[in-house]
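Data first, discussion second: the structure below is written as structure tokens.
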Amino acid sequence: ADLVSCHWHQVMHSPSLWRFRFFHFNGRLSKYTQSEYCSAVAYARSLGVYLESLEVCLCPPRKSSIARRLEQTLTGLLSELTSVKAPLRSLSIVKMELERTPWTTSLRSSIVHSLIEFLQTGGSKLTSVCLNGMRNSLPHVRCYISSLDLRGFFSGSLTNVHLNPSVPCILCQLPGLTYLTLSYSWLSDELLTALQHRGQQEQGRDGNPLQSLSLHSSLHEPHQQLVFGNSWSNLVSTCPELKVRITVEQVIDTNRLARILLPEIPLTEFNMTGSYSTDEDWSAKPVLRDLLPQYRRSLQFLSLDLRNSEESLDEELLGLVKVCERLEQLRVWAFLDLRTMERLLHMRLTKRSLLNQIKVRIYSMEDEIEEKEEQLEQILCPYLGLPPELDLYVMVYPFV
């Protein structure tokens, strides 16, 4: 029995079992389970020495008492990880939403101070940080990380983030940064210029300039600022390997999209979600026909979720795929003609050999879709012998 116990003790303390940990904190008390604070601190104290990747998701508080418990748990966890010198390489803390009323000024200050202290003293091996949805102002911190995700970071009350001069300055104080993810509301000529100068400095130190820039734009965040194309061109000149990924959610205004989708951007990935009707006086056709073909030589991944129940986009979609020379992955959820799949597959087999992932959800206004499923099966029947490298997924889906 002693030998078995010793064996299991060794197994349970194997580093490979404890390199990743996910916590979900809601700040609520339970008489049946240990408090979140005790559980998190105990874990960090006993197994934090093995931890390499930590993900924390907070349930935004509605009461000040819950906010206090969340603050105590989060700061306690970070403090204990610092004490045990956790070899953390990746840290993700999401959905804090510090702009909510239950977060008092002192609680917000405590969390920000604890986070800064951890990044500067406890995260010596840290290379990736995600603070998605923190909803706070940007603190001054200098640390060496290669990947930074700040989507939804700023408070929603800050409407002119792109005019904040401290934003470009702070981002340039992060040596080694090669992967950057931001809300589009951050973007400005000044930010792109600062990233350009930072790229020149990294080249002078034989470092790595920015390689990936992901921008997320949504209807409920500012996205109407004007950015000049030459700012993008200058950035690309110092970061020649730069790949830009843009995600657009419910921005159904062609002029606004044209401001975002400048031809000078080295766009490799584009994701768009748009629900609209003819009453809104907008069409997705100019985006597919005029804006996206600007990236025919760079676009590799295209994802579209369009609720185009009152207009046909089949020709525009096929035309876009036809001109995009480097397209590798296509994901489309839209109202499409079933025959469009036949034409798309024919195009893949004859002209687009790089396109090796096709995922299509064809919306239908009818609840009973069996007849359409049979028609789709007949259309795809001649294409059963597809190349093994092609990942194809097609389905008919009732639009609710």
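The values are calculated or read from the model by the stated rules, or taken from the named source; none is laboratory data. Because the structure is a prediction, the values reported are computed rather than measured. All Cβ positions, even for glycine, are placed from backbone atoms using ideal geometry, and neighbour counts span all protein chains on display. For the accessible areas, the whole protein counts, side chains as well, though only heavy atoms, and no ligand, DNA or RNA atoms are used. Shrake-Rupley method; radii C 1.70, N 1.55, O 1.52, S 1.80 Å.
Under 1.5 on a/c is rounded, so check that first for the chain, then, if it is not, pick prolate when a/b is larger than b/c and oblate when it is not; a ≥ b ≥ c are the square roots of the alpha carbon gyration tensor eigenvalues.
On the way: a/c = 1.81, a/b = 1.45, b/c = 1.25.
In terms of gyration-tensor shape, prolate.
The 3J(HN,Hα) values that the Karplus relation (6.51, -1.76, 1.60; θ = phi - 60°) gives for region 51-58 are, in residue order, 6, 10, 9, 10, 10, 10, 10, 9 Hz. Gly and Pro appear as x. Dipole of the chain computed with +1 at Lys/Arg Cβ and -1 at Asp/Glu Cβ about the Cα centre; of Thr121, Tyr393, Leu292, farthest Cα towards the positive end is Thr121. Basic side chains Lys and Arg get +1 at the Cβ, acidic Asp and Glu get -1 at the Cβ, and with that the dipole of region 51-94 about its Cα centre reaches some 220 debye.
Give me the net charge of Ile145's neighbourhood, meaning all other residues with Cβ under 11 Å from the Cβ of Ile145; Lys, Arg count +1, Asp, Glu -1. Working shown, then result.
Values: positive: Arg89, Lys125, Arg142; negative: Asp149.
Counting the neighbours of Ile145, the net charge comes to +2.
Taking only the C-alpha atoms of region 167-245, the Rg (one decimal) and the largest Cα-Cα distance, Dmax (whole number), read 12.2, 40 Å. Rolling a 1.4 angstrom probe over region 241-400 with all protein chains present gives an accessible area of which 45% lies on carbon and sulfur atoms.
Toward the positive end of the charge dipole of the chain, with +1 on the Cβ of Lys and Arg and -1 on the Cβ of Asp and Glu, the farthest Cα among Cys239, Val332, Phe270 is that of Cys239.
Surface exposure of the chain, expressed per residue as accessible area with a 1.4 Å probe, stands at 50 Å².
What GluC sites (Glu not before Pro) does region 19-73 have in DSSP loop regions with at most 10 other beta carbons within 10 Å? It would help to have the intermediate numbers written out before the result.
Details: sites: Glu36, Glu52, Glu55, Glu71; in loops: Glu52.
Sites meeting the loop and neighbour criteria: none at all.
Given C-alpha coordinates of region 205-254, what is the ratio Rg to Rh with the Kirkwood estimate of Rh?
Details: Rg = 13.6 Å, Rh = 12.9 Å.
Rounded to two decimals, Rg over Rh is 1.06.
Count Lys and Arg as plus one, Asp and Glu as minus one, and take only other residues whose Cβ is under 12 Å from that of Pro266; the net charge is then +1. 3J(HN,Hα) couplings calculated from phi for region 329-341 with the Karplus curve 6.51 cos²θ - 1.76 cosθ + 1.60 (θ = phi - 60°) are, in sequence order, 9, 10, 10, 10, 10, 6, 7, 10, 6, 4, 5, 4, 5 Hz; Gly and Pro show x. Prolate is the label for region 273-337, because a/c, from the alpha-carbon gyration tensor with a ≥ b ≥ c as root eigenvalues, is 1.5 or above and a/b exceeds b/c.
Each part gets one Cα centre, and for region 9-66 versus region 339-400 those centres are 44 Å apart. Considering every alpha-carbon pair of region 302-400, the percent of pairs per 5 Å bin, from zero through the bin containing the longest distance, is 2, 12, 25, 26, 20, 10, 4, 1. Each residue was assigned an accessible area with a 1.4 Å probe, and for Glu280 the value is about 90 Å².
Taking the alpha carbon gyration tensor of region 86-140, multiplying each eigenvalue by 5 and rooting it gives semi-axes of 22, 12, 8 Å, largest first.
How much net charge surrounds Phe25 when only other residues with a Cβ under 12 Å from its Cβ are counted (Lys, Arg +1; Asp, Glu -1)? Show your work: numbers first, answer last.
Working: positive: Arg28, Arg69, Lys95; negative: Glu36, Glu55, Glu71.
For residues surrounding Phe25, the net value is 0.
The dipole here belongs to the chain: it is taken about the Cα centre, uses +1 on the Cβ of Lys and Arg and -1 on the Cβ of Asp and Glu, and is about 1800 debye.
For Leu98, the residues 5 or more places off, or on other chains, whose built amide H falls under 5 Å of its own are Arg135. In the elastic network of the chain, a GNM with C-alpha springs shorter than 10 Å, the most mobile of Met272, Met96, Met347 is Met347.
Treating each Cα of region 26-100 as one equal point scatterer and applying the Debye formula with no solvent, the log10 of I(q)/I(0) at q = 0.23 Å⁻¹ comes out as -1.08. Less than 5 angstrom separates the built amide H of Leu148 from those of Val129, Tyr179, Leu180, Thr181, all sequence-distant by 5 or more or on a different chain.
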